[in-house]
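Here the structure comes first, spelled out in structure tokens, and everything after it is commentary.
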Amino acid sequence: MEKKGRKQTVISLLTVTFFFLLIALVFRDDYLAIAEGILSISPVGVILLFIMGAGYQLLDAAAYFSLLRSAFPEIRFHQGAAVVFLGVFANVATFSAGTIPMQSYYLYRCGMVLGTGVGLAILEYVFHKAAVLLYAVVMAAVYRGWLGEIFAQSKQYLMIGCAVCALIIVFLILICTWNRIFRLALWVIGKLPSTGKWTERKNIWSTNLEALYKEAQQLLHNRSCRRKVLLLNLVKLCWMYSIPFLCIRLLGREEISFWQVQALSAMMMLLVGALPNVAGMGPAEFAFLLVFSPYIGHITASSAMILYRLSTYFLPFLISIIVFFKTQKQMLTRK
């Protein structure tokens, strides 16, 4: 198990290194101006960025913890935080494929039924996507004129992002609440090929789907929990959308207001959900530049994007490595 953990860490570090090199290649013509802007940030500013990045993960943990506690009252907040950071680690180490299995296995070792952990992990994803769409719709309604002027040339990307996000949420909600759709999804999975790895995939998908439906049915009767989890996800998004504002201010730009950055960040998250990614990277960088460049310029947007990703991606990943090995050691001791 320790050998496997080291292998996953090496894969994660190689992935991060690759994308660092890719970013350097993309910005090779502007790297001097970008580096000058980043290096001008004071140590206090760097600390604030780290605090904001860590705070976002803790808010994510609070939302996840509220959902977990509804089914497993014995769980503690530090365990909910560990689940979130294990998800961050698995997202990079396994290219997202092992995120839910790693989280659900940890919850199983904490005493939760294995299927329950899988269902709750998928449910938290549903709440997160619902919060992203709701926040974006509200911001688009409030700033529709201003956003329309900025995104006159890229409005189609935002529409696609909104449509994809909405389709994912509607599909998952129907599976959670409508038995006929749930049975139809199981039937479709059953019609997939039964050769090679497809048999294992079918079993995993069917098991996960059944766990999701079971936990969703129980959550439907807990209105206060649903409201709390959705509210925490909205607060979490507001916190994360504040990080680009801090990055822009640290770079000395003041022509854009806090709520305008909130609106742009909400549009950015819609795009991120509609674009393919590798280990959580790619769409976020592209969407950030697409959304912010028309307003603050390419150089400032590129500098702010690097600071934003350091705060929301690289710092949590470094913390997740520590959490992963600490959790692994605890499991081996208990075993």
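The values are calculated or read from the model by the stated rules, or taken from the named source; none is laboratory data. Predicted, not measured: the structure shown is a model, and the values here were computed from it. Cβ placement follows ideal geometry from the backbone for every residue including glycine, while neighbour counts extend to all protein chains displayed. For accessibility, only protein heavy atoms count, side chains too; no ligands or nucleic acids. Shrake-Rupley method; radii C 1.70, N 1.55, O 1.52, S 1.80 Å.
Limited to the stretch 247-269, what total is found for residues that are touching a Phe, Trp or Tyr at 6+ places or on another chain (Cβ under 6 Å) and among the basic types (K, R)?
0
Counting only residues that are under 18 Å from the mean Cα position of the chain (by Cα) and of a type in the set (F, W, Y), which one in the stretch 45-72 is surrounded by the most Cβ atoms within 10 Å (Cβ to Cβ)?
Out of the qualifying residues, it is Y64.
Condition (residue is open to solvent by less than 40 Å² (accessible area, probe 1.4 Å), assigned to a helix (DSSP H, G or I) and either hydrophobic (A, V, I, L, M, F, W, C) or at pLDDT below 85 (or both)) applied to the stretch 250-259: is it met by at least one residue?
no
Kindly provide the set of residues from the stretch 104-120 that are touching a residue at least 12 places away in the same chain (Cβ under 8 Å) and not in a helix (DSSP H, G or I), ordered by number.
Those that are touching a residue at least 12 places away in the same chain (Cβ under 8 Å) and not in a helix (DSSP H, G or I): G111, M112.
In the stretch 311-335, which residues are open to solvent by 60 Å² or more (accessible area, probe 1.4 Å) and either farther than 30 Å from R109 by Cα or among the basic types (K, R) (or both)? Steps first, answer last, please.
Looking only at the stretch 311-335, we keep the residues that are open to solvent by 60 Å² or more (accessible area, probe 1.4 Å), and these are 318, 322, 325-326, 329-330, 332-335.
The answer is K326, K329, R334, K335.
Does I160 meet the test of being in a helix (DSSP H, G or I) and buried (at least 18 other Cβ atoms within 10 Å of the Cβ)? Steps first, answer last, please.
Details: in a helix (DSSP H, G or I): yes; buried (at least 18 other Cβ atoms within 10 Å of the Cβ): no.
For I160, the condition - in a helix (DSSP H, G or I) and buried (at least 18 other Cβ atoms within 10 Å of the Cβ) - is not met.
Only one of G80, G53 is closer than 30 Å to T300 by Cβ and assigned to a helix (DSSP H, G or I). Can you tell me which? So that I can check it myself, show each step before the final result.
Details: G80 fails: closer than 30 Å to T300 by Cβ.
Criteria check complete, one pass: G53.
With (1) open to solvent by less than 40 Å² (accessible area, probe 1.4 Å); (2) free of Cβ contacts under 8 Å to residues at least 40 places away in the same chain; (3) closer than 23 Å to I168 by Cα as the list, and P101 as the residue in question, which single condition is left unmet?
The single condition P101 does not satisfy is (1).
Of all the residues that make up the stretch 168-206, how many are surrounded by 11 or more Cβ atoms within 10 Å (Cβ to Cβ) and within 28 Å of the chain's Cα centre (by Cα)?
So the answer is 23.
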